[in-house]
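As structure tokens, the structure follows; a few thoughts come after it.
FYI, it's all coordinate maths here, none of it is from the lab. As the structure is a computational prediction, the values presented were derived from the model and not from experiment. Quick reminder, even Gly has a Cβ in these numbers, built from the backbone with ideal geometry, and neighbours come from all protein chains shown.
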Amino acid sequence: MSPARLIRLSATARSFNSGRSRSDSGPRPLCNQLTRKYCSVLCIDASTTRTNKERICKTQPSQLSKIFKEVFLQKIGRWILLNVHPDDGGLIILHSDVTEKVKFRESLEKKELQLKTLIENVPDLVTRWSGDAQLLFANTSFYKKEINSFSKGDLNLEINKSSDLTNWENKIKKAFKTGKNLSHHTTLSTKNGEAYLESSIIPEKNVDGKTESVLAISRDVTENKLAEKKILDAKNFLQSVFDASVNGIIALETIKDKNDNIIDFKCILSNNSSTKILGYNPIDYSFLSVIKKSDIKTYFDKFKTLISQGLRIEEEVFYSYKRGKVWLHLVAEKLNNGILLTFSDITKRKEAERKNIKTLELLQNLINGSPVILVHYKIDKDKDNNITDFTILNSNNNASRLVGMDTIQLKGKKLLQIMPSAFNHEFGKLLINFALFNTPNRFETHYNKDGLDNWWDISLVKKSGGIILTGINITKKIESEKRIKELQHLQQAQLLNAVMQTQEEERRRVAESLHNDFGQLLNIAVIKLGKENKEVTDILNDSIKKMRSISYELMPPLLKDFGLEVALKDMLEVKTTSSNINISYAINGLKTKIERDLEVAIYRISQELLNNAIKHSDAEKIELVINNNNKKVTISINDNGKGFDAAINKRRFGLKYISDRINLLNGTFSISTKKNSGTKCYLEIPLVAKSKS
């Protein structure tokens, strides 16, 4: 601004002093000096006519008012500040050039308008407060928020003292008092719900540094807060799940040297279970500090390899540290530039496994030391579900030794590789039947194929889609039983043979007694009676004949003197004559001499069969055929009689006698009969070996 200049107008208005130098201070006519703008300011008609100028000069100073005003002089293009005061007999005019000041003020006003426009249009809430926390100004965004705690006045908003804004009020007062910038977070209730505000509270100071008001700029961060809340809730939920996991979870971050080499790992995240399992909080330790003296030093190198190659690690590891020992099931995976470890405590399972292993080892030793064979088969089937083979999954030592292999060699082999004839044998058929129908689950079989020859007691159980076979070698048992039966049969045969020999001896003795003693007495009686008593003599002669017949049957002399064939033919002729039954016979090969005991047995069996047929069959015709092929003697006798019920009468004394005789001679005996259909008997007596006696 230019220095002020002083102008004094005299009362005559003839001249004025403009404050120039004395040499130039002579009075000048006012009308020649005053411009139209000055005249306007002085409220004088400032027309350019000389008459008007003169009128100005005639104007009394008392008629002019005190003036303080900025005037723009168009002629010179400047702003002038006029300060006019009436003076005794004239006017004192103080004027100065304020062009720069006006321009600066206009610039400030323009910037203020721009700032006000900006404040009114920003989304932030801008307010100005007095020192006692009275609202002096609020922008449009503040009004639009419709905060329930405020009500609009003429030029300000007043705080509802009963609201939850007490802290806000205290912050405003504190900023006003201390003159320091403050921040504040608050929650306000609006018509649209809760609003979260973050505010910067700034004291406004004058040129003297004194706080005149407080400016608050508040940003609505409701959406951010809600998003943060959701994230926090999700984080808390994940943390809850994270901590609730029974598995230990640890995130490791690499620690590198200046050459980018991994020198350690640090734990940046762990859950509660990891602390519980390990017995310490992994966050408090570096990786090397807890494994330095442990049993898993190699894992540091493994983890470095995992970082470089990304290959997942899953192992069971025994971890020993100063607070204890634990078995862990460990899974390690690369996570960004670190490692995510997941592990679970499997100590109890490992202890159980260890005990189970000992039990299994003991059981395996028992199984391998057992005299039984144990084989676990998998059932092999074709696409049509037909059984094609059985694969050996496992076996004990006894089973593998049976086929000349060890258990490892036998594992995976097919049944038909080991026993090619199995499916053509009773064993294979019963095994297939069990696989299909679960029966039979136990049987005895004699496997005498594929270089094997043993009797087995087989038990079968289905397990896990396969079959477990337990086999007991009962060959010795079968042979012992067979031997026992043979011995028992031998004892019975010996007893029966002794009985029969005794019978034969008794028959011989009785026959000789009848013939030699009783026969002689009867002959003497006949001679003594002579012809005097013919009737008695005839009875005696009949008795003698009957006695001779009985004696003959008890001990046929022809058998001893002429052999079996002559004795049988003679017996058949006698039976034919005495029975009035048509008896036909055919005897072949008996001229060859055979053992005496066997001849007697064949004779007695034939005699018994013929007597039974004559006595019980009521037959009209009897046919007897005896053949000898030097290996065995066969006897066949058929009748056309009334027959009988074999189931009821098979144990009749005559048949029992024949059956015992046949068993004694290791022969076979069969009867075919039924009521009113005759009877057929067939016998075979071997000649290769002597009788069981």
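Things to note:
- With only the Cα atoms considered, the stretch 163-215 has a convex hull volume of 76 Å³ per residue.
- Listed residue pairs exceeding 20 Å between alpha carbons, taken from LYS383/LYS449; LYS575/LYS615; LYS325/LYS355: LYS383/LYS449
- Global geometry of the stretch 370-473, whether rounded, prolate or oblate, following the gyration tensor of its Cα atoms and the 1.5 cut on a/c: rounded
- J(HN,Hα) series, the stretch 352-362, from Karplus relation 6.51 cos²θ - 1.76 cosθ + 1.60, nearest Hz, glycine and proline x: 5, 5, 4, 5, 5, 4, 4, 5, 5, 4, 5
- Rounded, prolate or oblate (a/c below 1.5 giving rounded, otherwise prolate when a/b exceeds b/c) for the stretch 245-350 by Cα gyration tensor: prolate
- Cα extents of the stretch 354-400 along the three principal axes, largest first (Å): 43, 26, 11
- Using a cut-off of 30 Å between Cα atoms, the listed pairs LYS110/LYS210; LYS116/LYS174; LYS110/LYS225 include LYS110/LYS225 as exceeding that distance.
- Listed residue (HIS185, ASN167, VAL214) projecting farthest to the positive dipole end of the stretch 163-244, Cβ model: VAL214
- In the stretch 554-665, inverting the average of 1/r over every pair of distinct C-alpha atoms gives 14.7 Å as the Kirkwood radius.
- In nm, spacing of pseudo-spin labels at GLU120 and THR166 (7 Å Cα→C-beta vector): 3.8
- Among 598-608, 72-82, 398-408, the peptide with the highest mean count of other Cβ atoms within 10 Å heads the list, and the full ranking is 598-608, 398-408, 72-82.
- Amide hydrogen neighbours beyond the local backbone of VAL633, cut-off 5 Å, H modeled: ILE685, LEU687
- Loop-located trypsin sites (Lys or Arg not before Pro) in the stretch 198-258 whose Cβ has at most 11 other Cβ within 10 Å (DSSP): LYS210, LYS258
- Estimated dipole of the stretch 338-490 in Debye, rounded to 20 [Cβ of Lys and Arg +1, of Asp and Glu -1, Cα centre]: 400
- Structure note, pairs LYS144/LYS235; LYS230/LYS334; LYS358/LYS476; LYS546/LYS569; LYS534/LYS569: Cα-Cα distances above 24 angstrom occur for LYS144/LYS235; LYS230/LYS334; LYS358/LYS476; LYS534/LYS569.
- Ordering LEU436, SER400, LEU415 by Cα displacement along the dipole of the stretch 360-511 toward the positive end leaves LEU436 in first place; charges were set at the Cβ atoms of Lys, Arg (+1) and Asp, Glu (-1).
- Note on the stretch 251-351: with charges restricted to the Cβ of Lys and Arg (+1) and Asp and Glu (-1), its dipole about the Cα centre is near 280 debye.
- Rounded FRET efficiency, nearest 0.05, which uses the C-beta distance separating LYS235 from GLU316 and R0 of 25 Å: 0.15
- Kirkwood Rh, Cα atoms: Rg over Rh of the stretch 284-415: 1.20
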